[in-house]
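The values are calculated or read from the model by the stated rules, or taken from the named source; none is laboratory data. Here the structure is a predicted model, which is why all the values come from computation and not from measurement. For neighbour counting, all protein chains shown are included, and Cβ atoms are generated from backbone atoms with ideal geometry for every residue, glycine included. Just so you know, the surface numbers come from the protein's heavy atoms only, side chains and all, with ligands and any DNA or RNA stripped out. Shrake-Rupley method; radii C 1.70, N 1.55, O 1.52, S 1.80 Å.
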Amino acid sequence: MRTIKHAPSGADRILASRRRLLQAYPPPTDPKVEEEGGCGVTGFACSIPVGGKHIFEPSRQMHNRGNGKGGGIAAVGFVPEALGVSREILNTHYMLQVALIDPEDRSVTKAVEEQFILPYLDIARSEKIPTVDDYRDIPGLDVQPPDVMRYFVRVKPDVLRDFTAQNHLEALRQGRAEDEFMSQNAFRLNSRFYSTLGDKKAFVMSHGKNMMILKIVGYAELVASYYRLEDFKSHIWIAHQRYPTKGRVWHPGGAHPFSGMHEALVHNGDFANYHSVCEYLKQRNFYPLFHTDTESSVLMLDLLNRVYEYPLEYIIEAMAPTTESDFDQLPPDKQKLYRAIQAAHIHGSPDGPWFFIIARNDPYKNLFQLIGITDTAMLRPQVFALQDGEIQIGLVCSEKQAIDATLDSLSKEDPRFCPVCDKYWNARGGSHTDGGAFVFTVKPDGDGMRLICTDKFGHEKRVENHQKSWDPTVNLTLQPDGADILKTLGPYVNEGRSLALFHQLLQGIPGWDYNTLRWICDQLVRMTLTDDAAKSTVIETLTLLNDRRYPTGDKKRAWILWIVRGSLREIFGKIPGLNDGTGGRYRYIDFNTRHHLREPRAGEQILVVYTREFEPEGDDCDARLLCEAYRKGWKRFIVYGYRGQRFTGNGFGPDTRDVRIDVYGSSGDYLASGIDGMEIVVHGNAQDQLGQIMKEGKLVVFGDVGQTFMYGAKGGDVYVMGNAAGRPLINAVGHPRVVINGTALDYLAESFMAGDPHHGGGFVVLNGMAFDNQGKVNALPTPYPGSNLFSLASGGAIFARDPCCHLNADQLNGGEFAEFTDADWNLILPYLTENERLFGISIESDLLTVSGQKKKPADVYRKIRAVQLAVLTGVQEKTVPALKMAVDI
């Protein structure tokens with residue numbers, strides 16, 4: 001039989017050339033140093049270049065995800081003037097940055113240049129990156145960062161010609177051989193001056209075009225301070241807090257980000273199959289030198305992107321494969337393609353909890369990209385956001401509060417940025433819906449740049465483009481019909497009719513302009529200054545405007561929220577302090593006056609806490625202040641100004657039914673965890689680990705909730721206006737009763753152990769609904785898009801609004817569909833009634849109406865119960881013999 005030989009591809013030749021590289025520079029042994037992962041990652045991409053100072057605040061606010069022993073930033077898409085080079089040099093030359101670990105040892109710079117730069121590279125410009133004079137002048141920076149030399153270089157023509165010929169790379173497309181030379185040269189430099197030395201001397205920070213990486217032993221925001229990047233402008237910035245999970249965990253070379261070629265990657269999590277991923281890379285002559293799972297991630301990305309030249313969709317599939325029912329819901333041609341990708345790359349796919357943020361320059365397509373990819377099991381938190389308008393910005397972070405901090409920082413410099421995003425969402429890892437990844441692409445558009453957002457499959461995520469932005473710098477002006485408006489609204493305030501005032505405002509908002517709305521809010525604030533009754537009415541009304549969804553006409557909801565929230569902040573900020581001699585129901589306290597905390601006096605009922613300057617956790621956190629205030633007799637709290645502070649409501653102790661906490665701002669993790677009786681209302685989106693081991697009480701969230709919501713909860717009534725992210729109600733027991741009006745990403749109520757819902761046990765109502773941009777409630781394409789619904793549950797039930805029967809048995813794992821009875825409807829009806837009161841989601845018009853027709857509850861809702869519960873209560877005849885015997889006995 002004649003053997004058919006195929007000509008080597010470009011990828012084959014690149015990999016063969018790397019085999020010769022490794023013979024000359026044998027890689028060292030992988031050290032066995034590991035740390036658990038739990039990092040903070042953040043990034044944003046913008047249609048205009050912005051300064052590095054805007055990565056400062058979101059990084060600082062995630063200190064509790066770091067430890068000060070490893071931090072770094074990366075940027076892509078610079079303004080040429082900031083670097084002192086022409087646009088042509090910026091676009092065509094590699095931006096090689098070499099870290100010199102001991103700034104006092106000048107011989108290292110000379111050796112690096114003589115061995116790895118001058119013989120091979122033409123230098124258009126070189127400089128030491130400017131720094132502050134003394135690192136000790138920066139609070140919190142305890143270890144001197146490395147000096148970094150920056151070179152704008154191209155490979156010398158004769159060197160590139162010889163390299164190309166020697167490795168048979170002539171067939172590569174333009175620029176690819178030069179990329180490979182730069183990659184191999186960086187490997188040589190790192191091998192010589194870092195990897196094989198006990199005393200590390202130098203390493204390549206980054207070497208891509210129009211991108212850079214800087215990292216230190218310290219917090220990420222200190223990178224921007226030390227290297228004076230506050231006003232250094234770029235289209236994309238990413239940052240990472242904490243050292244890596246493997247390798248040299250306390251060293252600037254081991255900190256994130258890591259560089260492939262023209263991309264930088266940061267990573268939260270760690271790999272269960274780190275050895276397998278490294279072996280996969282080594283088989284293709286890619287060897288990690290820093291011995292971290294993050295480095296192996298970016299090498300995998302470089303291999304798939306630059307060597308194999310996969311489209312981004314294929315890269316994401318190789319790293320986060322589609323599985324289970326999500327795979328079954330892909331089109332047949334996509335299934336065939338994905339099977340081939342998985343067969344080739346599954347042993348190199350990172351396994352375990354991870355989330356990547358990638359800043360990427362594609363010099364061959366003239367675009368910049370910010371990419372967020374989550375693992376298939378969604379075991380690490382992630383939040384995406386998008387803002388459109390004259391300027392577009394896309395953001396992705398470990399926590400929503402970091403997104404809000406970024407926007408707040410940007411808006412203070414440029415009023416075109418709204419401090420509230422148009423959209424916030426979570427990705428579904430390995431899914432058929434969005435692929436668990438979103439890409440913010442910045443590319444030329446006329447004389448400027450424009451940003452678009454797409455998911456893994458290229459589907460664009462849009463914002464309503466007919467709505468106008470607001471210019472907050474415009475002076476507030478008196479309205480011609482202002483007297484008439486006040487004449488209409490005044491009686492509602494005077495009579496304490498907040499709900500009626502809210503509905504009156506809703507009639508005007510679609511037709512008003514921003515200035516009119518702003519003026520009305522200003523007048524409402526004025527009415528609160530001397531009258532506590534008016535204060536309560538206006539606070540309740542403005543809070544309804546903040547919480548509810550309604551038509552906004554040609555105005556953006558984001559800007560309306562900013563106006564409304566600004567009015568609430570103004571009211572809260574003018575409340576008398578604890579040492580103020582005036583009377584009234586309300587008293588104010590903040591971080592600076594926290595030592596004034598005392599018992600409530602006659603008539604004092606509500607303690608308003610401005611939380612912004614409190615620490616996110618620890619002795620000086622606001623959560624501890626609330627506990628102390630409760631012990632002194634305060635029962636009613638308004639807390640506002642949050643920027644990620646954690647543990648709100650924790651530590652109050654048992655039987656707190658007379659306590660209520662209203663939460664405004666970007667609240668943090670573990671809110672309402674362990675509560676026993678109190679009521680907490682979150683006026684916006686919430687974050688991760690809410691309501692964990694909750695025993696009793698009420699939690700209301702006017703937005704989405706994050707990961708592992710109500711983990712191990714034992715009871716309580718909970719209402720969520722939007723979606724729950726990954727793994728809600730895992731291991732919940734007892735009698736939690738939950739209404740989720742949106743959907744859940746995965747593993748809803750896994751191992752639910754809540755008994756019989758008709759005999760005191762728990763349940764979840766999943767409505768599968770969403771509000772559109774004008775406040776109308778619509779059904780989602782499916783009430784639950786993933787698999788493992790009610791997985792391995794042993795009690796309780798899920799009542800899903802599913803009139804079209806989209807849910808199927810393949811999505812269940814330990815549960816089964818059962819008849820939805822009148823008793824079931826009577827069980828959940830009181831909760832849907834309260835849901836309607838809270839969120840305005842009508843039982844009759846929204847939930848029981850399908851395609852314009854009113855339906856019976858049994859034609860709209862489906863019941864999912866635990867198989868084991870059905871067996872033990874004798875509901876069905878199909879039984880497991882062992883369990884049947886146990887019941888008979």
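Structure values in brief
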quantity	calculated
Estimated FRET transfer efficiency (Asp351, Glu570; beta-carbon r; R0 56 Å; 0.05)	0.65
Gain in span if fully extended, Ile693 to Arg497, counting 0.36 nm per residue against the direct Cα distance	66.8 nm
Accessible area expressed per residue, the chain, with surrounding protein chains retained (probe 1.4 Å, Å²)	38 Å²
Average silhouette area of the range 76-149, convex hull of alpha-carbon atoms, in square nanometres	6.2 nm²
Angle between the chain longest axis and helix 106-116 axis [Cα atoms, degrees, rounded to 10]	70 degrees
Net charge of neighbours whose Cβ lies under 9 Å from the Cβ of Thr708, counting Lys and Arg as +1 and Asp and Glu as -1	0
Label point distance in nm, Val79-Arg612, each placed 7 Å from Cα along Cα→Cβ	2.7 nm
Cβ crowding within 10 Å averaged over residues, with 446-452, 780-786, 355-361 ranked highest first	355-361, 780-786, 446-452
Degrees between helix 822-839 axis and first principal axis of the chain (Cα, 0 to 90, nearest 10)	80 degrees
Ranked packing of 260-267, 499-506, most packed first, by mean Cβ within 10 Å	260-267, 499-506
Estimated FRET transfer efficiency (Glu170, Asp810; beta-carbon r; R0 60 Å; 0.05)	0.70
Point-to-point label distance, Ala602-Lys854, nm (Cα→Cβ direction, 7 Å offset)	5.5 nm
Dipole of the chain [Lys/Arg +1, Asp/Glu -1 at C-beta], most positive-end residue of Leu96, Asn273, Val850	Leu96
Highest-first arrangement of 583-594, 118-129, 74-85, where packing means the average Cβ count within 10 Å	74-85, 583-594, 118-129
Estimated inter-spin distance, Asn592 and Asp133, nm [label 7 Å along Cα→Cβ]	3.1 nm
Residue list for the range 694-724, given a label point 7 angstrom along the Cα-to-Cβ vector of Cys627 and an amide N cut-off under 17 Å	694-695
Estimated dipole of the chain in Debye, rounded to 20 [Cβ of Lys and Arg +1, of Asp and Glu -1, Cα centre]	800 debye
Cα lying deepest toward the dipole's positive end in the chain, options Asn826, Val420, Tyr640, charges on Cβ	Val420
Cut-off 12 Å between beta-carbons: net charge of the residues surrounding Tyr550, Lys and Arg +1, Asp and Glu -1	+3
Within the accessible area of the range 48-158 (1.4 Å probe), percent carbon and sulfur	47 percent
Global geometry of the range 749-840, whether rounded, prolate or oblate, following the gyration tensor of its Cα atoms and the 1.5 cut on a/c	oblate
Within the range 462-497, backbone nitrogen closer than 19 Å to the virtual label 7 Å beyond the Cα of Asp513 toward Cβ	466-486
Computed [θ] at 222 nm, deg cm²/dmol, the chain (DSSP H ≥ 4; -39,500 (n - 2.57); rounded to nearest 500)	-8500 deg cm²/dmol
Accessible surface of the range 180-314 [probe 1.4 Å, protein heavy atoms]: carbon and sulfur percent	46 percent
Contour minus Cα-Cα distance for Glu819 and Ala483 (0.36 nm per residue)	115.1 nm
Calculated FRET efficiency for the pair Asp12/Asp772, C-beta based, R₀ 45 Å, to 0.05	0.30
Spin-label zone in the range 345-374 - amide nitrogen under 15 Å from a point set 7 Å from the Cα of Glu309 along the C-beta vector	363-365
Degrees between helix 274-283 axis and first principal axis of the chain (Cα, 0 to 90, nearest 10)	30 degrees
Cβ charges +1 (Lys, Arg) and -1 (Asp, Glu), total dipole of the range 589-699, debye	320 debye
Rounded percent of accessible protein surface that carbon and sulfur make up, the range 716-827, 1.4 Å probe	52 percent
Sequence-separation-based contact order of the range 87-231, relative, with Cα cut under 8 Å and 6+ spacing, percent	39 percent
For the chain, share of DSSP beta bridges that run antiparallel, in % to the nearest 5	70 percent
Percentage relative contact order, the range 286-424, counting C-alpha pairs under 8 Å, at least six apart	15 percent
Dipole-positive endmost among Tyr219, Tyr194, Pro119 within the range 112-234 (Cβ charges, Cα centre)	Pro119
Simple Cβ-charge dipole of the range 58-174, Lys/Arg +1 and Asp/Glu -1, about Cα centre, in debye nearest 20	480 debye
